[in-house]
């Protein structure tokens, strides 16, 4: 156990909650950037925040967003390199979020497998060394860069469906994405955080397609149960069902004025 973890462990639960929640923002507000960098490259801090019942991986990821504001406080080439290091760690956490949401114990393996590269900055090399020193429980320690590293095209993975995902649509404001699955459901996700907002149930067979109205208020789903359904996107309420096809409905499109929709089916 490192110094951060040891000092935190003797504090009350209320103090731990307040401290973990406010530490990074307060360091940025006060201009104590060096301490901010040290904190977000301290494996003890990462483990403490991700394991706290009121935080977890997404609030930890958001702590790194504060690095965007450090340039206005004290910009220099030195700090620019530090910010780059924080962005790489944040990217690794974001790529690992779907795994850590299920098993937080994998944080050491996930970070090590995504950041283990000889060209990584000094702060990240120090983080990897700290991981090996302070992880007492058994863990899978990759010897080479074995998982998708940050900085590439893949940003985040969304998990939750228990069968094929057949179609997706993004809301006009770009803030949510809707997925249609062979598990007979549709799910709405927060595109920034990767969080599942809610699930639409009502179809009795695989959902093959989804479309969103231009105003972003409703969505239409097409299903192998031979129907299309219209949903209120804000409340999740099923508004009504269209019937008429005699076979699976495979695609749906909405006219630009939002007044008509066109469905395509295996009934020809």
Discussion item. Just the number: Rg to Rh for the stretch 214-253, Cα atoms, Kirkwood Rh, two decimals.
Written reply: 1.00
Item to complete: Return one number: the angle in degrees, 0 to 90 and rounded to the nearest 10, between the long axis of the Cα atoms of helix 77-100 and the longest principal axis of the Cα atoms of the chain.
Response: 50 degrees
Worksheet entry | Residues 102, 207, 252, 28, sorted so that the one with the fewest Cβ neighbours within 10 Å comes first | 102, 28, 252, 207
Worksheet item: Counting other C-beta atoms within 10 Å, which of 120, 219 has the fewest, and how do the rest follow?
Response: 120, 219
Fill in: Most fluctuating residue given options 14, 253, 24, as computed from a GNM of the chain linking Cα atoms under 10 Å
14
Discussion item. Largest first and in whole Å, what are the equivalent-ellipsoid semi-axes of the stretch 165-265 based on the Cα gyration tensor, each being the root of 5 times an eigenvalue?
Written reply: 20, 15, 11
Practice prompt. For the stretch 3-134, count all C-alpha to C-alpha pairs, find those more than 20 Å apart, and express that count as a whole percent of the total.
Written response: 43 percent
Worksheet entry | Computed over the stretch 98-232, Kirkwood Rh from alpha-carbon pairs, angstrom | 17.4 Å
Item to complete: Pull out the extension gain between residue 154 and residue 243, defined as 0.36 nm times the separation in residues minus the alpha carbon to alpha carbon distance; nm, one decimal.
Response: 28.2 nm
Worksheet, complete the sentence: To the nearest 10 degrees, the tilt of helix 122-134 (Cα long axis) against the first principal axis of the alpha carbons of the chain is 90 degrees
Worksheet item: Taking only Cα atoms, what is the 0 to 90° angle, nearest 10, from helix 13-29's long axis to the longest principal axis of the chain?
Response: 90 degrees
Practice prompt. Sort 53-63, 129-139 for me by packing, meaning the mean count of neighbouring Cβ atoms within 10 Å per residue, highest on top.
Written response: 53-63, 129-139
Practice prompt. From zero up to wherever the largest Cα-Cα distance of the chain sits, split into 5 Å bins and tell me the percent of pairs in each.
Written response: 1, 5, 11, 14, 14, 12, 10, 9, 8, 7, 5, 3, 1, 0
Worksheet item: Of 104, 229, how do they rank once you tally other Cβ atoms within 10 Å and put the fewest first?
Response: 104, 229
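Read-outs: derived from the displayed coordinates by stated rules, not from any lab. These figures come from a predicted structure and were not determined experimentally. Neighbour counts run over all protein chains shown; Cβ positions are idealised from the backbone, glycine included.
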